[in-house]
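To start, the structure under review is shown below, and the notes come after it.
The values are calculated or read from the model by the stated rules, or taken from the named source; none is laboratory data. Just so it is clear, the model here is predicted, and its values are computed rather than measured. Glycine gets a Cβ as well: all are built from the backbone with ideal geometry, and neighbour counts include every protein chain shown. When the accessible area is computed, the model is the full protein with side chains, heavy atoms only, and any ligands, DNA or RNA have been set aside. Shrake-Rupley method; radii C 1.70, N 1.55, O 1.52, S 1.80 Å.
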Amino acid sequence: LLFLSIFTGCLFLQASDQENTEFRLMSFNIRNSHARDWEARKGLVYEVIRGYTPDVLGLQEANSFHLKELSNEFPQYGQVGEGSMGGSKGQHSAILFLEERFKLTDSGSFWLSENPTQPSKSWRSAHHRICTWAELLVRETDRTLYIYNTHMDDGSREARENGARMIMEHIQGKVQATPFVFMGDFNAPEDSEVLEIIKGNSLAKQDHGIQMVDSFRVLHPQRKNVGTYNGFTGQSDGPKIDYIMVKSNIRVIEASILQNNFKGQYPPDHFPMTAQLGLR
């Protein structure tokens, strides 16, 4: 009986640990290194990341130069991603993850175009756009978590909507019942068709059938002044265009828009999104 009690207790603790797996994420458009003096603001970007200490960090507009410096500054993170122009060229939608918490088991990137396997653009897109994904094994529980990160086009609504459909179809084919998070700079406001596609509410033809929610709105459904593009000025009265989207069965513990500034200086032209999530 004693052995059975101990054994049952161990099973309960293991199940409890799995049910209560929590992790912190950040989605951060850091502005490419060719615009607005990176040397003058990189320390501020580092302070924002260090202050929140995310377990998983999704970057947008990161050049290979950025990623090398970030790797030196934060060696505890592994990273995956490819440049939008192929290899190390162009802007990355990179995913960084704490290696002490996660083991990378698979990853990849694809272009948001009609030719997704190579650098390309379609649908009147102003730029080459890419989506990066990572399959992460949570070391303490052996659970699998998928992360998707992207930066959608700023010049073409058609490209954003088709890109959103591509990503959701990829998620449907890849993750099935596995927990996942989809984050990034969508360049689309909350009332856009892009968000309806991602949430699974679009009237347009789609087969993914996945219901997603904006982690921020789960906790702050009525919050106003949630603009995430600040133009280096700190303004927040514009549209919310940056997101951490989650499946509706993922518990949202914390979610915020970090409006950090240092004596009136803003690290990039976007406020980062954060979320603390729990796997059920």
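So here's what we get for this one:
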quantity	calculated
Yes/no for residue 195 being within 27 Å of residue 143 (Cβ to Cβ) and open to solvent by less than 60 Å² (accessible area, probe 1.4 Å)	no
Any chance residue 118 is open to solvent by 70 Å² or more (accessible area, probe 1.4 Å) and either under 17 Å from residue 166 (Cβ atoms) or of a type in the set (D, E, K, R) (or both)	yes
Qualifying residues in the range 228-245 (those that are under 10 Å from residue 271 (Cβ atoms) and touching a residue at least 40 places away in the same chain (Cβ under 8 Å)) - the one surrounded by the most Cβ atoms within 10 Å (Cβ to Cβ)	242
Number of positions in the range 166-195 that are among the charged types (D, E, K, R) and modelled with pLDDT under 95	2
Qualifying residues in the range 84-101 (those that are in a strand (DSSP E or B) and within 16 Å of the chain's Cα centre (by Cα)) - the one farthest from residue 23 (Cα to Cα)	92
From the options 101, 129, 139, 124, residue that is touching a His at 6+ places or on another chain (Cβ under 7 Å) and of a type in the set (D, E, K, R)	129
Filter pass, residue 228 being farther than 23 Å from residue 175 by Cα and in contact with a Phe, Trp or Tyr (Cβ under 7 Å, 6 or more places away or on another chain)	yes
Residues (of a type in the set (A, V, I, L, M, F, W, C), part of a strand (DSSP E or B) and surrounded by 24 or more Cβ atoms within 10 Å (Cβ to Cβ)) located in the range 260-276	273, 275
Residue within the range 102-114 that is within 30 Å of residue 239 (Cβ to Cβ) and open to solvent by 50 Å² or more (accessible area, probe 1.4 Å) present	yes
The range 246-280, residues that are of a type in the set (Val, Ile, Thr) and free of Cβ contacts under 8 Å to residues at least 60 places away in the same chain	252, 257
Test result for residue 151, closer than 24 Å to residue 79 by Cα and open to solvent by 40 Å² or more (accessible area, probe 1.4 Å)	no
Test result for residue 257, at pLDDT 95 or above and open to solvent by 10 Å² or more (accessible area, probe 1.4 Å)	yes
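Here is a yes/no grid of residues against (1) within 17 Å of residue 152 (Cα to Cα); (2) open to solvent by less than 50 Å² (accessible area, probe 1.4 Å); (3) part of a helix (DSSP H, G or I):
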| site | (1), (2), (3) |
| --- | --- |
| 25 | no, yes, no |
| 28 | yes, yes, no |
| 31 | yes, no, no |
| 57 | no, yes, no |
| 78 | no, yes, no |
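Residue by residue, here is whether (1) in contact with a Lys or Arg (Cβ under 6 Å, 6 or more places away or on another chain); (2) of a type in the set (Gly, Ala, Ser) holds:
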{"position": "49", "(1), (2)": "no, no"}
{"position": "54", "(1), (2)": "yes, no"}
{"position": "57", "(1), (2)": "no, no"}
{"position": "61", "(1), (2)": "yes, no"}
{"position": "77", "(1), (2)": "no, no"}
{"position": "81", "(1), (2)": "no, yes"}
